[in-house]
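The values are calculated or read from the model by the stated rules, or taken from the named source; none is laboratory data. Just so it is clear, the structure is predicted and the values come from calculations on it, not from any experiment. Positions of Cβ are generated from backbone atoms using ideal geometry, with glycine treated the same way; all protein chains shown enter the neighbour counts. Surface accessibility is based on the protein's heavy atoms, side chains included, excluding ligands, DNA and RNA. Shrake-Rupley method; radii C 1.70, N 1.55, O 1.52, S 1.80 Å.
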Amino acid sequence: DAINRVSTIFDSLSLTFMNNSTPAIIFENIEKSFGSLKVLKGISGEINRGEVIAVIGSSGCGKSTLLRCFNRLESINHGRLVVNGIDLSHPEINYSQLRELRTQVGMVFQQFNLFPHLSVLENLTLSPRKVLGKTPKESAQLAGLYLEKVGLFDKASAYPEQLSGGQKQRVAIARSLCMNPQIMLFDEPTSALDPELVGEVLQVMQQLAAEGMTMVVVTHEMQFAKEVAHRVIFLDQGLVVEQGIAHEVLTHPQSDRLRTFLSRLN
Ligand code: ADP
Ligand code: MG
């Protein structure tokens, strides 16, 4: 019990010492395998607060796995990983830290992952009520605020199946924002959308970026990466092959592998 108390004090101290100059995410030489398949082969980087990072690379190169390590949907096998001050380097993590992490780090998936049996409003208010302990009124106010932000205030009582893909994804983004996250992870948020619906989702993301949200975005939208991302990380077969200022890396790729990858997209 005493040990628990001390560790709680340390947790809150480490949060107190964390300020805006602490990187949002630090990863050093991280490795991740599934059985004998080594997916991340020792990759390193830092993501600063307010930065927008695009993660690009061919299918199967490890982009989703990297993102999933950042919010502990996967644990790493080797290396050092600290997300918003929470150390995820070790195979064990205590429940309160995991809960904290999941609150501070929002994730948006390709397939939206909305609860089909809940209305838009209920999708948005569920976690604020269950996880943050907000009252129904407080959580409905939050939900209204973020639905307004993504331009879907009038859809509060609709069910997911009544929405277009672009609207579903905007609802998914609003749902994440209701938790007041410090970091947002996007895993190919527009890949499942009809081309004419991609723009409305990217526009919401661009607005978030402009407001200073720290964002890690796995995407094949190179125009978005060039214009909105500050930096880009190009992964190939589980390694970082190139990274740097988005516009520079994407207009002047240094490696054959990135050149080939970019030319295949066109
Ligand atoms: P990307 O998102 O870049 O397409 P992923 O990170 O999803 O790539 O996958 C990288 C590799 O890891 C692929 O070969 C994939 O099949 C494999 N993989 C991903 N998740 C699992 C898992 N849970 N179990 C086994 N293999 C996995
Ligand atoms: Mg993926």
Output the pairs from K38/K168; K41/K168; K149/K226 with a Cα-Cα distance over 32 Å in this structure; if there are none, say none.
-> K38/K168; K41/K168
With springs connecting C-alpha atoms under 10 Å apart, model the chain as a Gaussian network and identify which of P128, P23, P116 has the largest mean-square fluctuation.
-> P116
If you place +1 on the Cβ of every Lys and Arg and -1 on the Cβ of every Asp and Glu, how big does the dipole about the Cα centre of region 110-266 come out, in debye to the nearest 20?
-> 460 debye
What is the calculated FRET efficiency for S21 to L118, with r their C-beta to C-beta distance and R₀ = 41 Å, to the nearest 0.05?
-> 0.55
Would you list which aspartates and glutamates come within 16 Å of K137, measuring only between C-alpha atoms, while excluding same-chain residues fewer than 8 positions from it?
-> E122
Within the accessible area of region 159-224 (1.4 Å probe), percent carbon and sulfur | 41 percent
For the chain, report the accessible area per residue in Å² (1.4 Å probe, heavy atoms, rounded to an integer).
-> 49 Å²
Under unit Cβ charges (Lys, Arg +1; Asp, Glu -1), what dipole magnitude, rounded to 20 debye, does the chain have relative to its Cα centre?
-> 380 debye
Dipole axis of the chain (+1 Lys, Arg; -1 Asp, Glu on Cβ), positive-most option in G166, S263, N84 = N84
Cα centroids of region 122-167 and region 29-62: how far apart, whole angstrom?
-> 32 Å
Which FRET efficiency value, to the nearest 0.05, is calculated for L265 and H90 with the Förster distance at 45 angstrom and r the Cβ-Cβ distance?
-> 0.75
